[in-house]
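Here the structure is laid out as structure tokens; the discussion comes afterwards.
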Amino acid sequence: MEQIRRGICGYAIKIESIQKINKEEADGYVQLFMEDFIQDDGFHPGDDLPDDYLEYCHCVKTIMQKIFGLSNEIQDEGYTLIRPIEWICELFGTWLDAEVNEMPPVCYLEFKQSKLDDFYKSPFGFPPEEHIGYLTLEEILEERKQLEGCLKETFEEASDVRGMNPQEIAEEKEVWTDLIYPARKSYLNWLDYCLGQGMDLIIIER
């Protein structure tokens, strides 16, 4: 198996409800985020901010305004959505637990087919962003149906071991047992939780 170099977090969240928050309250959340954002970058109230950082802050603020439905402006590539969307998920969403210490991206779980097994589409109307994806409630239902029975698959049924020697096969099977299979269970639990709560799913890769 290709070495897994990153992990994901999952959040159950109602995306549409965030963009229905009234303007005054949404403006307050944007301001709160920007204060947290600037402070996390090591600046303090009253500091003189460099011009290039002020420009960066403007772009990040625009991202937050779009998340809340206050703006339709889309920033050019080069500004990550991770920090704004992670902040939104932690404030309005539910963090989804996993049975493994580092939950692998869905593309490593060796499903025959998954909606998160390819390029991600981004939530809140943003262009695709390689580290953030989401599924609507309807898509989660479709995903759950097409993954039905995947936990009955054995390592031998799910994995292509052609060309591997016995030691390599043994190592791959250990990864399957310790990581891939429990991660599959966690991902299905994420889907089931979202279905039960009537929520969308956002995943963030790090």
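The values are calculated or read from the model by the stated rules, or taken from the named source; none is laboratory data. This is a predicted model, so every value here is computed, not measured. Cβ coordinates were reconstructed from backbone atoms using ideal geometry, including for glycine residues, and neighbour counts include every protein chain displayed. Accessible surface areas use protein heavy atoms only, side chains included; no ligands, DNA or RNA. Shrake-Rupley method; radii C 1.70, N 1.55, O 1.52, S 1.80 Å.
A few points about this structure:
- Å² per residue, accessible surface of segment 1-104 at 1.4 Å: 60 Å²
- Atom-type composition of the exposed protein surface of segment 1-114 places 44 percent of the accessible area on carbon and sulfur (1.4 angstrom probe).
- Computing FRET efficiency as 1/(1 + (r/R0)^6) for R6 and K185, where r is the C-beta to C-beta distance and R0 is 22 Å, gives about 0.65.
- Mean-position separation - Cα centroids, segment 31-70 and segment 81-140, in angstrom: 24 Å
- FRET E, pair D40, E138, Förster distance 35 Å, beta-carbon r, rounded to 0.05: 0.50
- With a cut-off of 14 Å between beta carbons, the residues surrounding L141 carry a summed charge of -4, where Lys and Arg count +1 and Asp and Glu -1.
- Placing +1 on each Lys and Arg Cβ and -1 on each Asp and Glu Cβ, with no other charges, gives segment 127-206 a dipole about its Cα centre of roughly 240 debye.
- Sequence of R144, R83, R206 when ordered by accessible area, the most exposed leading, probe 1.4 angstrom: R206, R83, R144
- Length added when fully stretched, I21-E156, from 0.36 nm per residue minus Cα-Cα: 43.7 nm
- Extension gain, T177-L195: 0.36 nm per intervening residue step, less the Cα-Cα distance, totals 3.8 nm.
- Accessible area in the full protein assembly, largest first, 1.4 Å probe, for Y29, Y181: Y181, Y29
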